[in-house]
Structure formats: C-alpha cells, structure tokens
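The values are calculated or read from the model by the stated rules, or taken from the named source; none is laboratory data. Keep in mind that what you see is a predicted model, and the values were worked out from it rather than measured. Quick reminder, even Gly has a Cβ in these numbers, built from the backbone with ideal geometry, and neighbours come from all protein chains shown.
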Amino acid sequence: MSSPTGSKTKLSALTLAALGVVFGDIGTSPLYTIKEVFSAGTHPVPLTEANMFGILSLIVWALIMVVSVKYVAFIMRADNRGEGGIMALLALASHNAADNIKKQHTIMLLGILGACMFYADGMITPAISVLSAVEGLELAAPMLHPLIIPVTLIVLVILFWAQSKGTALVGAFFGPIMLLWFGTLGVLGVQSILQNPTILHALNPIYAVHFFAISPWIAFVALGAVVLAVTGAEALYADMGHFGRLPIRLAWLGFVLPALILNYFGQGALILKNPEAIKNPFYLLAPEWMLFPLIILATLAAVIASQAVITGAFSVSRQALQLGFLPRMHVEHTSESQEGQIYMPRVNWGLMLGVMVLVLSFKSSGNLAAAYGIAVTGNMLITTLLAGIVFHNIWGWSKLRTGSLMTIFLVVDVSFFSANVLKIPDGGWVPLVIGIVIFTLMLTWKTGRTLLYQHLKNDAMALDPFIEAIGAHPPTRVYGTALFMTPNLEGVPHAMLHNLKHNKVLHEKVVILTVKFLDYPHTSIEERVEVVAMPHEFYKVTVNYGFKDEPDLPRDLLLCAPKGLVLDAMDTSFFVGKEILISNEKKEMAFWRKKIFIGLFRSAETITNQFKLPPNRVVELGSQVSF
C-alpha cells in the first residue's frame, strides 16, 4: 500500500507534467488575444473603458464556462476507458448505435469533422504561437522587424526536425518552463493591476451583459476574438489518458486559470492607463530590462504549445488509422518505456509544410488570428454534440437533463462559431479548406475500404464447404504452419487459393487470421486472442486490439498456446494478399473518389511493417481486383 506522502509526490509530479504538456496552447493565448480584440483589424472593438470591462468580463466567463464547466466538470467525465479526445469520444458515442445505420453514419461524420478541425488547429497553433512570441523582437529593437519571419521559420524547422528524436529528454523541462511561464504571467498581471485595482470589477458578469445590451453587434463581433482566450481547451480532454483527471483539474483550477485571469486583467489595466500599449500589451507589461528574457521564455512556451499539438496530431492520426479512417502509415516509437510517444513521418512533414505556408502567407499573428477561431469553435461544437449522445445513450441521462445542459453549451459554442463565420473572408476560409480536404480524404478512405472489403467478401468462397472438400480430396500437406491474413474469417483467403492453385500444397497446420481494432483504447491479455479449432488442422484466429494498442502479431500469437494452438515462429509462414486495384465503371463511388482511394491504397504502409511481421517469413501473393 502506498504511503500518503508517496501519493502526494506522484500527484505533484503528474500535475507538473500536465502543466508542461496540456496547457501550452491556452497558456500562450495572452500573447495575442487582447491585442486582437482592440487592434485595427477588420472588426476592431472601439477602445473605451466600458468596452474594456465588457471584454475582460467576457474572457473570464468564457474561461469559466467553456474550460472549467464544460470541459473540466463534464466532458472529461466522458472518458473511453480512461482515454479522451475526439476519436475516443467518437468511438464511445458509437457504442449503442450499431443497430442504427443512419445514426452510426451521423456520428462517424461528426467524428471525422472534429478530427479535421483538430488537424487545422494543429497547423495554425504552431504558426500563431511562435509568430506572436517572436514578434516581441520588434518592440525590443524595431530594426529587427525583418527578422521576425526568418526567425519564426527557423524555430519551426527545428521543432519539426526534433520530432523524430522523441520528446523524453526535452519533455522533462516542459513542466518547469511552463511553471515559470504561468508564474510570470501572474506576476506581470498583478504589477499592472495594483496600479489600477478597479479593473477587477470586470470579474462581475454584469459587465459582459451590459456590453451586449449597449453594443450588441460590437459585442457579438468581439466574440470572434474573445474565443482566442479558450483555444487549447480541447487539450485538457485529449491528454486525459496520459495524466488522469485529477492532475489536470488541479493544475487548471489551482494555477493556470488564476495566472491567465491576472494577466488578461493586467493587460486591460495597462491599456486603460496607456492606450498606446494596444500595439502589444503583453510585452509592454514587462519592464524594459525584462523584454529579451521574456521573448525567449515566450518562444519556449510557444514551442511547448506547438509540441503538444503536434504530439496530439500523431495520437489522433494513429487512432484514426486503427479505427479505419486513414490508410496504414509508418509509425516509429521514440521511447522504449512510453508507448504513447510516437512519431509519424508523413503527418509530421505534412504539418510542417502547412505551418510554413501559413506563416509565409499571413506574415503576422494578427492576420492568423482570423483563421484560428473557426477550427477551434468547430471542434468545440462537435465535441458538445458527441458528448450529448454519450450523456443520453451511454450514461442514461434523461432527454430533459441532457437537453438542458447541451442547450447551455450549444448557446456558447454556436455564439462563438457564428462570430467567427464573419472572419471567413479574412482568413477563416483556411481551416475550412484544410478541413474539407482532410474530410474528403478520410471519408473516401473509409467508404472505399468498406466497398473493397464487401467486394472481396462477396467474391470469396465459403470456408466451411472448402474445408469439407479438403477432407474429401486432401491435397499434399507439407511440414509447418501457414498463416493467412484476411479481413473475412468466413471466406477462403485469396492468398490460400492462389497458393493451392499454383503450388498444389497446403501446410499441415493452416491458420486463418483476422485483426480487429475495437472502439475502446486498450484490450486486456485475456481478450486479445480468440481461437476456434476446425477440422483437418484448420484454425480461425482473431486478434483484438484497442485503438491505442501497439500491434505486434508475433508477440500476441504466443497467447494462442493456452487456447490449444501452439505456433513455432520459425516454422510459420505469413501469407498476405496484395491486391492491385483497377477502377471499373460501377457507380458505387464517384470516379474521382475511386482514383483518390486507389492512390491512398497504393501508398499505404505494408502489413508486414504495421503488424511487425518478420520480413523473411512473409509471402505476398498478388491479385487484381476490379473496383
């Protein structure tokens, strides 16, 4: 039994680690939020004392309603066996929808849309965070303005290059750096608030109400910038599996939320005292001697925020891959002790290319802020809808209870989303384009894969009659075990037919194996393998993985021994069908989508690599499939 002291030490360590990983995105929002609200953009808010109090009140209550109430109090309870995030929520919401195809399809579309918004956020966050941090150079020395873009690009290149090296080494510094960052936010805010304590009146929500009552249109438009204060809220839910609910809640309520509020109010007090400070209120909170150290600290915080989003993109991609929404991709493990630390080269370089294009196109954090809101609010809206399905269908809440809570959340989410729709001409179209492209690819892959497997299933010979025929007219049986991989356990694998047709032999032991990825994160050892013995030394084996499990067939096939099937790795040959797709004239799918699917199919990682099969034991047998 662990001692109370040991438990407290572990909780403190987890809370510090959560501080370094979870709160980077929301923690760098003070760099640009207030500036974006009042700066001379497309929809600036006139700088008056009443408007400042209204904006600060909106920011505080957005943080409380969206982060503290919605995510921390409710959404984080909707875990899928301890895991959070949009794909985990999608899998959880799908649990009771198996008999309702229309409902299942709707949930799937919502989940894919949410994932697409996450990818868009994953491109914009590194761009806006690092840009806004490096823009402090201009205040320190105006002649350094031409260096802002080059320095930003260099920082981003180093960041993405370092992904393949793993985050274990630098990750140890994330917590202490973010502890220093939030401490600095709070101290800078307090110093400014002490010079104008009346700014604390804006904690009263009545100022937000007055703002809407007096200037409803200005207040509505301002929501498009106010939402920047809550960007990163979804990270609390997505990273829940790594740290647990309690450390994240402690870090948020005990340290992060107070530090953010103090800094926002400090910026407000500074601007009311000196309206010129609106050009960059965050950096102007600091004394002149502190500017360069603060720029370095802000850049480190921005890198940590970006790191968390990139890691999240790897995690979401692997979950989407194993749930069947993305083609197989190469996955590298960057830590021997931490299974969750992975690196996906295609995702990494694709994100880097997108981030670079955004930086070079928009050139400033102010311009990028217009593109940011749509991705964040879209993700928040979809999370609310999926959570409502979980509350009602999985938790068994009544329609009245679910509807009441969802109405409150949706009013907030729809208000923020609607305000950001106004920004579509100014850059809000960027996440929409990113989302549409990724949505098309994911839906095309999911649909094409379903059609292909249905096609192969319809063409396959039934297994039971085949085994009966083998018994009646036995072919030559050779020493060893042949393991045939197939998505359909009830049909004869094409690779087996080809082998029998061309080589005129069967192995003495034949295993027909399928791998299933289930809609929860991890499977236990007991449920990992299912074995069904059939006549004439045929076996049907199902290997079950959760969507966060690491597939390793040679390792997991050893679990068959207690269930009556002993496999000797040196005497087992893995037979894999390798289909070559040729598009036909059938209208099951648009011609251009077929072309996209075929391209994705050809570029997919090999089954050998995905399941860690020994390459010298794998036999690939090809066939053409008219699709």
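Mind listing just one residue for me: the one in the range 609-627 that is buried (at least 16 other Cβ atoms within 10 Å of the Cβ) and within 33 Å of the chain's Cα centre (by Cα) and, of those, nearest to ARG449 (Cα to Cα)?
PHE627
With the condition being under 19 Å from PRO327 (Cα atoms), I'd like the helices (runs of 4 or more DSSP H) fully within the range 544-627 carrying at least 3 qualifying residues. Walk me through it before giving the result.
Values: elements: 553-556, 591-603, 607-610.
By residue number, 591-603, 607-610.
Which of the numbered conditions does VAL531 fail, given that it passes all the others? Conditions: (1) under 17 Å from ARG617 (Cβ atoms); (2) assigned to a strand (DSSP E or B); (3) touching a helix residue (DSSP H, G or I) at 6+ places or on another chain (Cβ under 8 Å).
If we test VAL531 against (1) under 17 Å from ARG617 (Cβ atoms); (2) assigned to a strand (DSSP E or B); (3) touching a helix residue (DSSP H, G or I) at 6+ places or on another chain (Cβ under 8 Å), just (1) comes out false.
Take the residues of the range 20-45 that are surrounded by fewer than 23 Cβ atoms within 10 Å (Cβ to Cβ) and among the polar types (S, T, N, Q): which is nearest to ILE424 (Cα to Cα)?
THR42
Quick check: is even one residue across the range 380-400 surrounded by fewer than 20 Cβ atoms within 10 Å (Cβ to Cβ), in contact with a Leu (Cβ under 9 Å, 6 or more places away or on another chain), over 18 Å from VAL67 (Cα atoms) and assigned by TED's automatic domain parsing to the domain that holds LEU109?
yes
So is LYS501 among the basic types (Lys, Arg), surrounded by fewer than 20 Cβ atoms within 10 Å (Cβ to Cβ) and modelled with pLDDT of 90 or more or not?
Numbers: among the basic types (Lys, Arg): yes; surrounded by fewer than 20 Cβ atoms within 10 Å (Cβ to Cβ): yes; modelled with pLDDT of 90 or more: no.
Criteria not met by LYS501.
Based on what the data block shows, is THR48 surrounded by fewer than 18 Cβ atoms within 10 Å (Cβ to Cβ), more than 24 Å from ALA313 (Cα to Cα), without any contact (Cβ under 8 Å) to a residue 24 or more places away in the chain and not hydrophobic (A, V, I, L, M, F, W, C)? Don't jump to the end; show me each part of the working.
Values: surrounded by fewer than 18 Cβ atoms within 10 Å (Cβ to Cβ): yes; more than 24 Å from ALA313 (Cα to Cα): yes; without any contact (Cβ under 8 Å) to a residue 24 or more places away in the chain: yes; not hydrophobic (A, V, I, L, M, F, W, C): yes.
When the stated conditions are applied, THR48 passes them.
Yes/no per residue for (1) surrounded by fewer than 24 Cβ atoms within 10 Å (Cβ to Cβ); (2) closer than 27 Å to ILE438 by Cα; (3) not hydrophobic (A, V, I, L, M, F, W, C):
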{"position": "VAL72", "(1), (2), (3)": "yes, no, no"}
{"position": "ALA88", "(1), (2), (3)": "no, yes, no"}
{"position": "ALA133", "(1), (2), (3)": "no, no, no"}
{"position": "MET143", "(1), (2), (3)": "yes, no, no"}
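Taking ALA233 as meeting all but one of (1) closer than 26 Å to ILE296 by Cβ; (2) within 23 Å of the chain's Cα centre (by Cα), write down the number of the exception.
With respect to (1) closer than 26 Å to ILE296 by Cβ; (2) within 23 Å of the chain's Cα centre (by Cα), ALA233 is out only on (1).
In the list GLY546, GLY577, which residue meets the criterion of being of a type in the set (Gly, Ala, Ser) and under 23 Å from SER317 (Cβ atoms)? Explain how you work it out, then say what you get.
On the way: GLY577 fails: under 23 Å from SER317 (Cβ atoms).
Sole residue among the options that is of a type in the set (Gly, Ala, Ser) and under 23 Å from SER317 (Cβ atoms): GLY546.
Give me the pairs: first residue in the range 559-584 and within 22 Å of GLY491 (Cβ to Cβ) and assigned by TED's automatic domain parsing to the domain that holds PHE611, second residue basic (Lys, Arg) and surrounded by 12 or more Cβ atoms within 10 Å (Cβ to Cβ), beta-carbon distance under 8 Å, and six or more apart or on different chains, which are they?
The qualifying pairs are THR572/ARG617; SER573/ARG617; PHE574/ARG617.
Can you confirm whether the range 335-347 contains a residue that is surrounded by 24 or more Cβ atoms within 10 Å (Cβ to Cβ), farther than 28 Å from GLY114 by Cα and either touching a residue at least 24 places away in the same chain (Cβ under 8 Å) or assigned by TED's automatic domain parsing to the domain that holds ALA93 (or both)?
Checked against the condition, which is being surrounded by 24 or more Cβ atoms within 10 Å (Cβ to Cβ), farther than 28 Å from GLY114 by Cα and either touching a residue at least 24 places away in the same chain (Cβ under 8 Å) or assigned by TED's automatic domain parsing to the domain that holds ALA93 (or both), the range 335-347 yields no hits at all.
Under 8 Å between Cβ atoms, which residue pairs at least 6 apart in sequence (or on different chains) link something in the range 383-402 that is free of Cβ contacts under 8 Å to residues at least 40 places away in the same chain and under 15 Å from ARG77 (Cα atoms) with a partner that is small (Gly, Ala, Ser) and in a helix (DSSP H, G or I)?
So the pair list comes out as THR402/GLY388.
Go through (1) under 30 Å from ALA78 (Cβ atoms); (2) surrounded by fewer than 17 Cβ atoms within 10 Å (Cβ to Cβ); (3) among the acidic types (Asp, Glu) for GLU588 and report which single condition fails.
For GLU588, the exception is condition (1).
Suppose we filter GLY491, GLY428 for residues that are out of contact with any Ser or Thr (no Cβ under 7 Å at 6 or more places or on another chain) and modelled with pLDDT under 85; which single one remains? Talk me through it step by step, then tell me what you get.
Working: GLY491 fails: modelled with pLDDT under 85.
Result: GLY428 is the single residue among GLY491, GLY428 that is out of contact with any Ser or Thr (no Cβ under 7 Å at 6 or more places or on another chain) and modelled with pLDDT under 85.
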